[in-house]
1. For Arg91 and Leu150, what is the calculated FRET efficiency with R₀ set at 22 Å and r taken between the beta-carbons, to the nearest 0.05?
2. Please say if segment 152-257 is rounded, prolate or oblate, where rounded means a/c under 1.5 for a ≥ b ≥ c the square roots of the C-alpha gyration tensor eigenvalues, and otherwise the choice is prolate for a/b larger than b/c and oblate otherwise?
3. Given labels modelled 7 Å from the Cα in the Cβ direction, how far is it in nm from Ile212 to Gln157?
4. Suppose R0 equals 25 Å. What FRET efficiency, 1/(1 + (r/R0)^6) with r the Cβ-Cβ distance, do Ser62 and Ser243 give to the nearest 0.05?
5. Amide H neighbours of Glu213 under 5 Å, counting only residues 5+ apart in sequence or on other chains, H built in-plane at 1.01 Å?
6. Explain nothing, just compute: Karplus ³J(HN,Hα) = 6.51 cos²θ - 1.76 cosθ + 1.60, θ = phi - 60°, for every residue of segment 44-55 in order, whole Hz, x for Gly and Pro.
7. At Arg224 and Ile79, where each label point lies 7 Å from the Cα along Cα→Cβ, what is the point-to-point distance in nanometres?
8. So how much slack lies between Ala250 and Asp182, counting 0.36 nm per residue of separation and subtracting their Cα-Cα distance, in nm?
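All of the numbers you see were taken from the coordinates with simple rules; none came from a lab. It should be emphasised that the depicted structure is a prediction, and the values quoted were computed from it without experimental measurement. Cβ: placed from backbone, ideal geometry, glycine included. Neighbour counts: every protein chain shown.
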Amino acid sequence: MATLYKTAKSEYQDVDDVLEEREKRSDIKQRILMVASRGVTFRQRHLMNDLEILLPHSKKESKVEAKQDIDILNELAEIQNCNNVFYFEARKHQDLYLWIARAPSGPSVKFHVQNIHTMDELKMTGNCLRGSRPVLSFDSNFDSEPHLQLLKEIFTQTFGVPKGARKSKPFFDHVFTFSIVDGRIWFRNFQIVEKDAQTGGDMAKNAKPTLIEIGPRFVLNTIRIFEGSFGGPTLYENPRYISPNVVRAAVRSQKAT
């Protein structure tokens, strides 16, 4: 209690206001647990590290065995006080699958991650302060079908950094864009620049801010949406999805002929 009085005295606030502010911060429940399976490549690991930097409300857990029961992730999320899970599942040291699950009740989505380009690899000129909150920009196609509306809500709850979250800054300086092209979800990260590129000074009142890409880049191909966390009844299954094993088998058979 003495700490509250010291805080109120230093900031010239009422003690009740300090208590109310702390209660609001304690109500923030959007936390992400990031877990990777064993066998991830260096590029996949760097992508996970990039997302951890961009999402200050995330916690990183040690790797788990790919053949282990996936339900253990719900227990890990409960131990770490997280209600969202990003599980990066690597197969055959070349294919990466991303599970985004709402723990412990669901829903959950399984994606095939393609066209991965990390921030170190791209070396874009854009930059953002570590811990700043992103603006989420969604393609208008997300409102066209029910399963896309569900994906939009899942992305909003996971990629949207809540106000007052752990290690977060109280302002916005970059944009996460989610675009649907060829039935896949394309992710991009841009810096919001509000200065004149030529003079380096402040922009005119009527001028619009510009965007400079930061990275990373990746494409999410939706495989299936489940009602529960990491399983349960199927809410949606992508009929256009083709397993990379089938694609490689077709390429080998074509070369053989």
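1. Details: r = 25 Å, r/R0 = 1.15.
Given R0 = 22 Å and the Cβ-Cβ separation, E is 0.30.
2. Details: a/c = 3.44, a/b = 1.73, b/c = 1.99.
Here segment 152-257 falls in the oblate category.
3. Those two pseudo-labels are separated by 3.6 nm.
4. Working: r = 29 Å, r/R0 = 1.14.
That pair, Ser62 with Ser243, gives E of 0.30.
5. Result for Glu213 returns Gly126, Gln191.
6. Working through the residues one at a time gives 5, 5, 5, 4, 4, 5, 4, 5, 5, 5, 6, 10 Hz.
7. 2.7
8. Details: separation 68, 0.36 × 68 = 24.48 nm, distance 2.11 nm.
Full extension from Ala250 to Asp182 adds 22.4 nm.
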